[in-house]
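One structure is given below, encoded as structure tokens.
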Amino acid sequence: MAQQATDPERLLTEIQAADLLRLSSRTLQAWRSQGVGPEYVKAGRAVRYRRPALIAWTEENTVVAAPLVPAVVKQAHAVAEVPK
């Protein structure tokens, strides 16, 4: 049984996928109906997710915030760029 839990190719249920992503299963359901969110596998009525697909989706949707530039620096650059 322990091997199953660590098998990266094991398909996850909707609830397991939601737990992994720290989302509700209703969010995953809504995303599927909207055609967005991570890839999933449909087996009859059952919905399953591959762990590598969830990790890849998380990486693809990671947003890196731009560093804040103080207003003084912006003003200095604006003054320096004024044509004479």
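Quick notes on this structure:
- Heavy-atom accessible area order for D19, D7, largest first, 1.4 Å probe: D19, D7
- Gyration tensor verdict on segment 1-67 (Cα atoms; rounded if a/c is under 1.5, prolate if a/b is larger than b/c, oblate otherwise): oblate
- Whole-number accessible area per residue in Å² for segment 2-68, which is evaluated in the context of all protein chains at 1.4 Å: 76 Å²
- Solvent-accessible surface (1.4 Å probe) assigned to I55 amounts to roughly 90 Å².
- Ordered by 1.4 Å accessible area with all protein chains kept, S25, S33 run largest first as S33, S25.
- For E60, the accessible surface of its heavy atoms amounts to roughly 140 Å² (probe 1.4 Å, protein chains only, rounded to the nearest 10).
- Residue order by solvent-accessible surface for Y40, Y49 is Y40, Y49, largest first, with ligands and nucleic acids left out and a 1.4 Å probe.
The values are calculated or read from the model by the stated rules, or taken from the named source; none is laboratory data. This is a predicted model, so every value here is computed, not measured. These area figures cover heavy atoms from the full protein model, side chains too; ligands, DNA and RNA do not enter into them. Shrake-Rupley method; radii C 1.70, N 1.55, O 1.52, S 1.80 Å.
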